[in-house]
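Report on the structure given below.
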């Protein structure tokens, strides 16, 4: 049979900032052996600037007026020369000068206004999700190294027009500090981490599916069951039959999302917070059933669980010293990887830039832990429209990214590996919603929305992705019973049949 792909995603970033009940406060210590992240939201910034936060997620500072200053009080643990990266959205139409200073020392660079690609419109006129603002986000390395003395220090960032314009506002995410030798060592180790992965099977899958199945998922009819009961009743056979019919080659199953629950007997999670696992190994059953048809499994995992204060408290989520929190993360992810072995083909980690990043996560340790049980496993940390959080990953996850060229950075001949821009070196993929209701089905006694695409449209779009080695992942709403909409299955199956036929000749090709 034709192998396929299925992925399940749940913690996608929304569009409206929400009040924050509790917030992680970093120690503002500059690490001598890793990257240190200083978030703009956590710096001393102008009052008119707006911190963009969603629950505990720290995102960009918006409406930051050019000519303003932002500063951070830090403690330098080891003196030395540090490279500085600035992560910002160059959304004005003129070049910018960026400068970071510490005392009398400073480093700077000019950011040229790169050509901004318009909203992607394909020749077939398909309706696509909006991928706003991503074209001008960048991670800019300043020229030279900034000497930092040991002890307390104040870092100041200024951004001005390089050509004298006085008006303008941008979005600012962060600055990063790292010693040059440490940066080079981490870059080389990240390159080796990527090199050991096999992304060819991923491209050969052509397309995949994604499901958001969690505590809030609604059944087709009647009341929502408690999560534990829903896990016991989940119809693995029916779901696998539907996946096979679509021709998808891998499936991503949601584990934690808005709540920290995992549909499998994970001892390391029970040790932190009892009652959040299941006796039934639903993950293992799905993996085994899929493997009989040549379909691989991905797991989705959200580290914070946006509406689960009990987990956040028990796991050490709010602690400035992140040692306990990352220890718990590694214990859970490592155990899940060991249990699944080579039947787990990849991890879809959500909110990589919006969540992991502001904690200056130990990326190399996390990435290697994610490989436990299968060194060929693929790993991605979702960056949304923001710059990637780390080089220690294989996949650009492409949340709501409808452009198969990834804003012009994936070109013919790249074989799916992005060749320029801020996602350079990553295997391209795109998570796209199949129904208008979005990422999941939560309304009681309401049918899942009809598919947003006709089969011909979906086939035309998928061919564009396939031509570049970019792998689209179609998020399909799912009922609590464990089945997806028959109408959605019918459309994807019809697309599969169309892809098996020669591509239609376009008007341009005829000429």
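Any read-out appearing in this document is the output of simple, stated calculations on the displayed coordinates, not a laboratory observation. Here the structure is a predicted model, which means the values were calculated and not measured. Glycine also receives a Cβ, built like all others from the backbone with ideal geometry; neighbour counts cover every protein chain displayed.
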With angles folded into 0 to 90 degrees, how steeply does helix 282-291 sit against the dominant principal axis of the chain? Use alpha carbons for both and round to 10. 70 degrees
Using alpha-carbon positions, what is the distance between the centroids of region 424-480 and region 137-164, in Å? 41 Å
What do you get for the angle between helix 455-468 and the principal long axis of the chain? Use alpha-carbon atoms, 0 to 90 degrees, nearest ten. 50 degrees
Relative contact order computed over region 386-511 (Cα-Cα under 8 Å; 6+ residues apart), in percent: 24 percent
Just check region 332-385 against the gyration tensor rule for me: Cα atoms, a ≥ b ≥ c as the square roots of the eigenvalues, rounded for a/c under 1.5, and otherwise prolate or oblate depending on whether a/b exceeds b/c. prolate
How much length is gained if the chain between residue 71 and residue 291 is pulled fully straight, taking 0.36 nm per residue apart and subtracting their Cα-Cα distance, in nm to one decimal? 73.9 nm
Can you tell me which of 451-463, 181-193 comes out highest on packing, and rank the rest after it, using the mean Cβ neighbours within 10 Å? 451-463, 181-193
So how far, in whole Å, is the C-alpha centre of region 68-114 from the one of region 279-293? 49 Å
Just order 141-151, 435-445 by mean Cβ neighbour count inside 10 Å, highest at the front, would you? 435-445, 141-151
Calculate, for residue 161 and residue 420, the FRET efficiency according to 1/(1 + (r/R0)^6) with r their C-beta to C-beta distance and R0 30 Å; round to the nearest 0.05. 0.70
Counting DSSP beta bridges with both ends in region 371-511, the antiparallel % (nearest 5): 25 percent
Arranged by the count of other C-beta atoms within 10 angstrom, fewest first, what order do 299, 155 take? 155, 299
Using alpha carbon centroids, what distance separates region 348-379 and region 212-259, in Å? 25 Å
So, R0 is 60 Å and r is the distance between the beta-carbons of residue 245 and residue 184; what FRET efficiency does that work out to, to 0.05? 0.75
Please compute the length gained on full extension between residue 138 and residue 456, using 0.36 nm multiplied by the number of residues separating them and subtracting their Cα-Cα distance. 110.9 nm
With a ≥ b ≥ c taken as the square roots of the eigenvalues of the C-alpha gyration tensor of region 343-485, please select rounded if a/c is under 1.5 and otherwise prolate if a/b is larger than b/c or oblate if it is not? oblate
Over the chain: helical MRE at 222 nm, DSSP H runs n ≥ 4 each giving -39500 (n - 2.57), nearest 500: -7000 deg cm²/dmol
To test your reading of the geometry: what angle, between 0 and 90 degrees and rounded to tens, separates the Cα axis of helix 323-340 from the longest principal axis of the chain? 30 degrees
Rounded to the nearest 5, the percent of DSSP beta bridges in the chain running antiparallel is 65 percent
If a/c stays under 1.5 just call it rounded; otherwise compare a/b with b/c (prolate if a/b is bigger, oblate if not). Do that for region 258-394, with a ≥ b ≥ c from the square roots of the Cα gyration tensor eigenvalues. oblate
